[in-house]
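Enquirer: Starting off with a structure, shown below.
The values are calculated or read from the model by the stated rules, or taken from the named source; none is laboratory data. Keep in mind it's a predicted model, so treat the numbers as computed, not measured. Cβ coordinates were reconstructed from backbone atoms using ideal geometry, including for glycine residues, and neighbour counts include every protein chain displayed.
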Amino acid sequence: MNRSRGQDTPAPSADQSVAKDFVQLPRRQIVLTMVGVLLALFLAALDQTVVSTAMPRIIADLGGFDRFTWVTTAYLVASTTAVPIVGRLTDIYGRKIFYVLGIVVFLIGSVLAGTSQTMNQLIAFRAVQGLGGGVIMANSFVAIADLFPPETRGKYQGFVGVVFGMSSVIGPTLGGFITDNLSWNWVFLVNIPLGIPVAVLIALLFPTIKPEVESRKLDYAGMVTLILAVVPALLALSWGGVQYEWASAQVIGLLVFGLAMAAAFVLIESRAESPIMPLEIYRNPMVSVSLIATFLTGFGMFGGIIFIPLFFQGVLGASATSSGSFLTPMMLGIVFGATISGQMLSRTGLNYRAFALLGTALMTLGLFLLTTMDETTGFARAVGYIVVMGVGLGCTFPTFTLAVQNSIPFRLMGTATSALQFYRTIGGTLGLAMLGAVMANRFASRLGASLPEEVGQALPRERIDAIAENPQALVDPSALSELQARFAESGPDGAQMAQQLLTTLKASLAGAIGDVFMVSLVLVAASAVATLFLRAPKAAPRQAGD
């Protein structure tokens, strides 16, 4: 079905423009297209997490332990870079062609990744897969604006949040199940039988929209400088403290180059005839405030996902498998928050500020509660805290997306919606880098200050320094056994000193992770303050057939 938008008389406000641009589709087409959109998003989001539990088996087969993180980083960098570029291109040429191409590229990357023979091949093919995944995610979030009128988008954006959250819950478990019962190759190959029907569904039923724009000239300089800004910066933030030292020439060089390209990008976009990221979206207060808040909540979200399992495993003594499963309550909280807030937004007149403030306030409360945890905290209490944070985070997903989509002209819909995903990922990546550094420094400092003198004298200095850099004894049973054996050699008090060291390690790690949550708390609280500047939407006229 072809339908053209932009032929109505221009409305005086963005809110009215959004409503006037919308054209009602047949119900059957909406339902089937929505099914395809949610399935495509599920596959793309799933592949961000599904590989984590398969990595030990992959390394056993392909080697390349020194490139352990690159398999995930390749997908993240490629998908993040694709999102803002594709978002703008869909505003110029329409979404359907890019949606279908994105699924095709994702499936090609899945086949190549599943048949990889070396670690370098897998890393390269994961980048291809990530490129397709980024295109899918860019289109999936904005597709709601193509299928539903402004006043009913809330509940459907909630469904998108549910799918996004559920994929994170299911991903690691599904990856482990497939790896154990089939092989790690099928973690990628399983996308093929699932993805082909989705591609067909999108190709047949997704509405063909031909936007009316002043110029279809491509901003090649903008695309190149954006890629050259984002890729080096993400690589530096992902590799810093892991592959290379933070002060290394590789990390510093990538960061400096990325910042220089970012400055060049802004200059080019301010002068381009048809910019890939029009700077005018930042002059819209709903968009600018939503982007700031999304960036800050992304910081807190990724910090929670990474450091909560470490607390359960390293401080509370949970196994590696069960520590990961404790994220499930958080993700279910996200699902609940996204569903309820989406439904309520549609029923209460789209009060973005109230729901954004509720979501960020709950996140802030959850993080505050997390800062109170220590080595004596019970599992039930810890789970309760992360559920509070998850519900708050879930509330923010549909709220900020709707705040942007219902206040921006249709010609910029893809650009602005994609910018939300882009800023969330950049915030999360920066958060992981900063919070990782905070944890490492605070753990070493706390351990040095609280380590009993007799324990310090029983171990060589280099051994204590190694423990301060990587407390493996808290998460690796073999490392714990080796450490206890070393103390046993020191005499009858060895067992007691080993227990003292473990107690000190747990307390130091708990304190360091608490410091991490405190930093996250400050930034998420800042996002709550930012939401106070969201204005209430103007009433938009309902169109016949809405």
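Enquirer: Among the residues that make up region 161-178, is at least one of them surrounded by fewer than 23 Cβ atoms within 10 Å (Cβ to Cβ) and under 30 Å from L259 (Cβ atoms)?
Expert: No: region 161-178 contains no residue that is surrounded by fewer than 23 Cβ atoms within 10 Å (Cβ to Cβ) and under 30 Å from L259 (Cβ atoms).
Enquirer: I'd like the full set of residues that are under 27 Å from F336 (Cβ atoms), of a type in the set (K, R) and surrounded by 24 or more Cβ atoms within 10 Å (Cβ to Cβ), limited to region 107-160.
Expert: Correct list: R153 only.
Enquirer: Same structure again: Being out of contact with any helix residue (DSSP H, G or I) (no Cβ under 6 Å at 6 or more places or on another chain) and more than 19 Å from T49 (Cβ to Cβ) is the filter here; which residues of region 279-309 pass it?
Expert: E280, R283, N284, P285
Enquirer: Right, another one. Taking V404 as the residue in question, decide whether it is assigned to a helix (DSSP H, G or I), under 30 Å from I281 (Cβ atoms), of a type in the set (A, V, I, L, M, F, W, C) and in contact with a Leu (Cβ under 8 Å, 6 or more places away or on another chain).
Expert: Details: assigned to a helix (DSSP H, G or I): yes; under 30 Å from I281 (Cβ atoms): yes; of a type in the set (A, V, I, L, M, F, W, C): yes; in contact with a Leu (Cβ under 8 Å, 6 or more places away or on another chain): yes.
Yes.
Enquirer: From the list T399, T425, exactly one residue is buried (at least 24 other Cβ atoms within 10 Å of the Cβ), part of a helix (DSSP H, G or I) and at pLDDT 85 or above. Which is it? Before you say what the answer is, go through the steps one by one.
Expert: Values: T425 fails: at pLDDT 85 or above.
Just one listed residue meets the conditions, T399.
Enquirer: Another question, then. Out of T415, T376, which single residue is of a type in the set (S, T, Y) and either in contact with a Ser or Thr (Cβ under 7 Å, 6 or more places away or on another chain) or in a helix (DSSP H, G or I) (or both)? Even if it seems obvious, please write down each step before you answer.
Expert: On the way: T376 fails: either in contact with a Ser or Thr (Cβ under 7 Å, 6 or more places away or on another chain) or in a helix (DSSP H, G or I) (or both).
Of T415, T376, the one residue that is of a type in the set (S, T, Y) and either in contact with a Ser or Thr (Cβ under 7 Å, 6 or more places away or on another chain) or in a helix (DSSP H, G or I) (or both) is T415.
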